[in-house]
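These notes concern the structure reproduced below.
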Amino acid sequence: MRLGTGTIGALLGWLLIFLSVALLIPIAFSIYYDDGNWRFFVISSAIGFVLGGGLSWSCVSEPEIGHREGFAIVGFSWLAAAALGALPYYLSGAIPSYLNAYFESMSGFTTTGATILERVEALGPSLLFWRAFTQWLGGMGFIVLSLAILPILGIGGMQLFRAEMPGPTKDRLAPRIQDTARILWSVYVLFTAVETGLLMLAGMSFFDAICHAFCTLATGGFSPRTDSIAAFQNPWIDLIIIVFIILAGINFSLHYRLLTGNWKAFGRSEELRFYLGIGIVTTIFVMLANIHFATYDSWLDSLRYSTFQVWTILTGTGFHTADFDQWAPACKITLVTLMFLGGMAGSTTGGIKQARILMFWKFTRIQIRKLIHPRAVVSIKLDNRKVPAEVIQSILGYLSLYAVVFVFATLIVTGQGVDIVTGTVSVIATLNNIGPGLAGVGPCQNYAGLPDLSKAVLIMCMVVGRLELYTIIILFVPSYWKDVRCPRWRWSKT
Amino acid sequence: MRVVVIGAGEVGRHICQQLSVENHEVILIDRDADRLKRAKRDLNILAIEGNGASAQILEQANITKADLFIAVTDIDEVNLIACIMAKEYGVLRRVARVRNVEYFSGASPLNEHRLGIDLLINPDQVMAQEILRISEMSEAFEVVDFAHGEVVLVGYQIKEGNPVCGITLADQKDLRGLYDFVIVAIVRDEETIIPGGSDLIRAEDRIYLVVRRRDMAAVEELFNLWSMAPKKVFIIGGGQVGFRVAKALEQRKVDVALVETDSIRCEHLAEHLSSAVVLNFDGLDAHDLLSEGIDTADLVVAVTDGDTTNILSSLLAKYHGAKKCITRISRPDFIPLLGKLGIDVALSPRLVAANMILRFVRRGAILSVATLLGSDAEVVELVVSERWAHVDKPLRSIGFPADTNLGAVVRQGKVIIPSGDTVLKAGDRLIIFSMKKAIPTVEQLLTS
């Protein structure tokens, strides 16, 4: 079947309109805090509305969305969303270079949390809110959200859902994909509300609380403070955020099952045990290393900062309560390794995801077993159910492609003269949607100093990482576009 | 008792034979005239040709007067329907053989209670249970539980050079020390002896002991036998029986290798087993078996559908040094022969199923029964009733019939290994070893 460019254009238009509406929300904060930025949101929203409206009006949609169209719709809308989301930063003059604004915006939507800003507070409340809000939208996926709200996306919604939701296999909680999307977003909204409330109880202002809740549940890490969570120096806030970071790294369908009274699903999940196990073991290791190298005065401080840093890095949130760039090399390399892992499939985290790591580990073990028993028949099981061979194949393919993308991006970044630690870690931190890295891009530094081409590569890394490689990479494959035609316009005859 | 049996296969025939020997009225129904003719010729029963699930045929068998209905045809659905009909006709107890596991699940709305079936028997499941029970001990060739497993009957093969050879049972008693046991039967040259004090144990004898389960280890040491649960088990044949055995052994942390020829079946097995190694090759492929280490196996269980494969692979394993083998054989006539060949335990799934049914049927005064495979002796469990003439009298004053031996007395959950001074009380459960022909005499004695 020919690629339905009409469908792609029309749906892209609808999603732009959807985001234009979202751009109106920060205006409330702008008026309340009287920072004068409201007009830039109005202009940005109007631009988005005109572009989106024009696209959706002029393109004639096909009756069905195939999976090929799904990739293009999701891929292009993410690129376009970041472009639209960058406008307020650029128009207000807070970020003078559009490339930097685009970087900041993409870092928001992909929940990376890497920033090019020296002093975050300089943005003003409404832009800071928008920054956190983009993360929240990107965390569970704004396309999944629009599936839940917009009836227009009903057809072929599964294709879009598949292309946006992370994880090797997708849970379906309800027979209709719209209901599944609605359930996931409801859980997400509920958790955000609860965290906002708890943070306010711990002493944050409503503005700080909601921004941090947005960035925690999305595992984004855009704090409205330059010093991130360290700015508060409040152990209760640390604790609340750690708990919600851990929760955000768990598959949201599990949360839903738990909330509907199905406790057993939580206990049965092998991936959950693996995820918690890795987090706890590395926390202990990093804590012991910090005690050994006497980074902190007391072991309690070591425990507090190590726990926070391990979980925030593992889930790809990227908040910081300590400048881990000053920690011992053993701790730093542990944290960099953790960056690749991510949380569970179906969570809002970045990275490879625990499910893939776990199945890869099982696959490796079985290869060794096959060497000992050449005639043995083996099967890989997750939660006592057999994992189909094609899922294993796709995971192996995923990991190889991941390595290739990583190597190429690192080559380009370091090829521009960026030092090896900064270059490598910046790619790792953006590809896995972490945010802060080491050395030049460490928690107390920012990405502004990198060359422009490197920033462009890192922007691609972020979106490729968030949409799990294939959705974006397929758009660069020539055969994907082989039979592409001009879309059918509304005004064209027949 | 009037018994209606449908299905004249191995199981049906075996049940008919046992019940008719015990003087019950047996009516056998089958669709195959040939099989019926054979059964009629060999057994003292009434045979009716026809469909066991047909009302007309059942009425012809005078089913309303029957006390027991046993459905053991090869077709599950026929057995189930026949049992439902038997219930409508007012038969008191109904037994059905059902192969399909899905009918068994407690979750199904059509479980055995709803269908009004007293005993549902799955031959594969019963077979697997039997294999597991025997596998617990590597030296014993037979283990039967009594009194809820507190007392066991164990069968051992006495090998050349064992210190107990040539000692009379009376002398044995002096050796036994703290532990009570009774040697209740000796099988020598396919002849069963219910021994007295003057009988000798000889090499190549098979002896049957009654012993408390907790004393078993000590008694085995006394007999210079080592019974250890197997650590490494090879299962040849990944059918229902092989799978069930593998699954159970795997949970006991035993090293299990399961060999199956069908690669699709292997996939299924690998999916449902965790630590067991599923191997895809032929059970007769000596090279592959050896490279997987069958020579070091503690136990080899050959349970493919083919008797030849089972026998040959067992022999191969034994030849290369496997410690013990359990072999499934569908023709029970060959069982005595296999012992001669060096196969430790041969089990016929049909006989195992038939024994299970008989055990159920005789429930009542007789609580459980095991037929000692390959011998003429039987073990019966009987309860002493209050009205019995010999209550409260010492054993020596009761004239126990010849060819019977009282193995154990269970009183209020405690086990007594009896001597001449033991006094029997009402409610005691007696475990009696007897030659088949002596069973009616024993029953008579106990009901007098």
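Any read-out appearing in this document is the output of simple, stated calculations on the displayed coordinates, not a laboratory observation. Please read all numbers here as calculations on a predicted model, not as lab measurements. With ideal geometry, Cβ positions are generated from the backbone for all residues, glycine too; neighbour counts draw on all protein chains shown.
Straight-line reach from B:Lys87: which lysines have a Cα under 20 Å away, not including same-chain ones fewer than 8 places off?
Counting by Cα, and skipping residues close in sequence, B:Lys87 has these lysines nearby: B:Lys65.
Can you work out D for the range A:265-467 in µm² s⁻¹ from Stokes-Einstein, where Rh is the Kirkwood radius over C-alpha pairs, the temperature is 4 °C and the viscosity is 1.567 mPa s?
Reported coefficient: 71 µm²/s.
Can you divide the C-alpha Rg of the protein assembly as shown by 2.2 N^0.38 Å and report the result to two decimal places?
Cα Rg divided by the expected 2.2 N^0.38 Å: 1.31.
Give the residue from A:Leu145, A:Ser45, A:Leu117 lying farthest towards the positive end of the charge dipole for the range A:45-151; charges sit on Cβ (+1 for Lys and Arg, -1 for Asp and Glu) and the dipole is referred to the Cα centre.
A:Leu117
Please build a GNM for chain B, connecting alpha carbons under 10 Å apart, and tell me which residue among B:Gly12, B:Gly50, B:Gly242 fluctuates the most.
Ranking B:Gly12, B:Gly50, B:Gly242 by mean-square fluctuation puts B:Gly50 first.
Enter the Cα centre distance for the pair the range B:400-425 and the range A:301-361, rounded to the nearest angstrom.
With the range B:400-425 and the range A:301-361 each reduced to a Cα centre, they are spaced 71 Å.
I want the antiparallel fraction of DSSP beta bridges within the protein assembly as shown, as a percent rounded to 5.
Antiparallel bridges make up about 55 percent of those DSSP assigns within the protein assembly as shown.
Please count, across chain A, the pairs of lysine residues with Cα atoms under 27 Å apart that sit 8 or more places apart or on different chains.
22
Does the range A:45-203 come out rounded, prolate or oblate by the C-alpha gyration tensor, with a ≥ b ≥ c the root eigenvalues, rounded set by a/c under 1.5 and, if not, prolate when a/b is larger than b/c and oblate if not?
Taking the square roots of the gyration eigenvalues as a ≥ b ≥ c, the range A:45-203 is oblate.
Take the alpha carbon gyration tensor of chain B, find the square roots of its eigenvalues, order them as a ≥ b ≥ c, and report rounded if a/c is under 1.5; if not, report prolate when a/b exceeds b/c, else oblate.
Oblate, because a/c is 1.5 or more while a/b does not exceed b/c.
Order of A:Glu62, A:Glu121, A:Glu270 from fewest to most other C-beta atoms within 10 Å?
Ascending number of Cβ neighbours within 10 Å: A:Glu121, A:Glu270, A:Glu62.
Please find, in a Gaussian network model of chain B (springs between Cα atoms separated by less than 10 Å), the residue of B:Gly52, B:Gly420, B:Gly407 whose mean-square fluctuation is greatest.
Result: B:Gly420 has the largest fluctuation of those listed.
Can you name the helices of chain B, as whole DSSP H runs, whose Cα span along the helix axis is 15 Å or more and whose Kyte-Doolittle mean is not below 0.5?
B:76-88, B:349-361
Looking at chain B, send over the antiparallel percent of its DSSP beta bridges, to the nearest 5.
Counting only bridges with both partners in chain B, antiparallel ones make up about 50 percent.
So, in Å, what gap is there between the alpha-carbon centers of the range A:6-45 and the range B:192-206?
Value for the Cα centre distance between the two parts: 99 Å.
Other chains near B:261-272: what is the mean number of their Cβ atoms within 10 Å of each residue's Cβ?
Across the residues of B:261-272, the mean count of other-chain Cβ atoms within 10 Å is 3.
At most 11 other Cβ atoms within 10 Å and a DSSP loop assignment: could you name the trypsin sites (Lys or Arg not before Pro) in the range A:1-108 that fit?
When the trypsin sites (Lys or Arg not before Pro) of the range A:1-108 are filtered for loop state and at most 11 Cβ neighbours within 10 Å, A:Arg2 remain.
Just rank B:Asp403, B:Asp421, fewest to most, by other beta-carbon atoms within 10 angstrom.
B:Asp421, B:Asp403
Ranking B:Arg396, B:Arg212 by Cβ neighbours within 10 Å, fewest first, what do you get?
B:Arg396, B:Arg212
Output the Cα-based Rg and Dmax of the range A:171-312 in Å, rounding Rg to one decimal and Dmax to a whole number.
16.9, 55
How large is log10 of I(q)/I(0) for chain A at q = 0.08, 0.10, 0.12 Å⁻¹ when the intensity is taken from the Debye formula with one equal scatterer per alpha-carbon?
With one equal scatterer per Cα and no solvent, log10 I(q)/I(0) is -0.47, -0.74, -1.09.
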